[in-house]
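Since the structure comes first, as structure tokens, the remarks are kept for the end.
No lab work stands behind these numbers, since they all come straight from the coordinates. Note that the coordinates shown come from a computational prediction; the quantities given were computed from them, not determined experimentally. With ideal geometry, Cβ positions are generated from the backbone for all residues, glycine too; neighbour counts draw on all protein chains shown.
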Amino acid sequence: MSRTREYVIHPLYILITLVLASVTSLFIGFTVAYIYTRISNGLAPVELPPLFFINTLFLVGASYTLIKTKKAYLEDQTTLYKQLLWLTLSLTVVFLVFQIVAWKQMLEMNISIAGSNLGSYLYVISGIHFLHVIGGIPFLGFFIWDARKRLVEPASVLLYLSDADKERKLRVLSIYWHFIDALWIFLVLFFLINRFI
């Protein structure tokens, strides 16, 4: 009979902590470099396109639906759980599409990578964040695929909902998602506050 290994801290939590610590370091480095470049060269702060602010609502919405997703999972509401997973994915895809439109708005505002030092920071920072959002989609997609495949008959539903590993992975996905959303809010506020300093 196989025994489940006991951990003081599960490796998944250690892994997500290391990932988020490295992401945090990366963005702190870019924001500090932005401030240094701006102050040392006496440059005016870059202006955010309006869609950056609207886009924030989609990410906040995705975080909210993921909170509800976890709640639906814990309360055995399988239909709602699947619907909320799809809604989270949909809001995320809308964010990504609108982010591409926001970059086009930046070009219309004469903010280009080649034409502005600070503009290039905005492209790079928002672009790296964009990639981190895309990086979470396969994991969310796995939950959607797995739920569609396994939440079909009472026996498989029971196994799915009582799987401690599944719940842990859903918690780790939520941590990542909320972090990426909070990071976006920080970045928008960072560039917004810089306009008034």
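Table for the structure above
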| item | result |
| --- | --- |
| Distance (nanometres) between label positions extended 7 Å along Cα→Cβ at residue 163 and residue 10 | 1.2 |
| Likely footprinting exposure, 129, 178, fewest C-beta neighbours within 10 Å first | 178, 129 |
| Cα-projected label distance for residue 79 with residue 26, points at 7 Å along beta-carbon direction, nm | 4.1 |
| Efficiency of FRET from Cβ geometry, residue 67 and residue 152, R₀ 35 Å, rounded to 0.05 | 0.85 |
| Relative contact order %, the range 11-194, counting alpha carbon pairs below 8 Å whose residues are six or more apart | 32 |
| Length released on extending from residue 186 to residue 54, taking residue separation times 0.36 nm less the Cα-Cα span | 46.1 nm |
| GNM top mover of 21, 147, 182 - the chain, alpha-carbon springs below 10 Å | 21 |
| Lysine pairs meeting the criterion (Cα under 23 Å, 8 or more apart or interchain), as found in the chain | 17 |
| Value at 222 nm in deg cm²/dmol, rounded to 500, when DSSP H runs of n ≥ 4 in the chain each add -39,500 (n - 2.57) | -29000 deg cm²/dmol |
| Under the Karplus curve 6.51 cos²θ - 1.76 cosθ + 1.60, θ = phi - 60°, whole-Hz ³J(HN,Hα) for the range 81-91, x wherever Gly or Pro sits | 4, 5, 4, 5, 4, 5, 5, 4, 4, 4, 4 |
| 16 Å tail of the calculated P(r), the range 64-159, as % of Cα pairs | 63 |
| The range 151-158 - phi-based ³J(HN,Hα) in whole Hz, Karplus 6.51/-1.76/1.60, Gly and Pro as x | 8, 10, 9, x, 5, 5, 5, 4 |
| Proportion of all alpha-carbon pairs of the range 1-152 beyond 24 Å (%) | 51 |
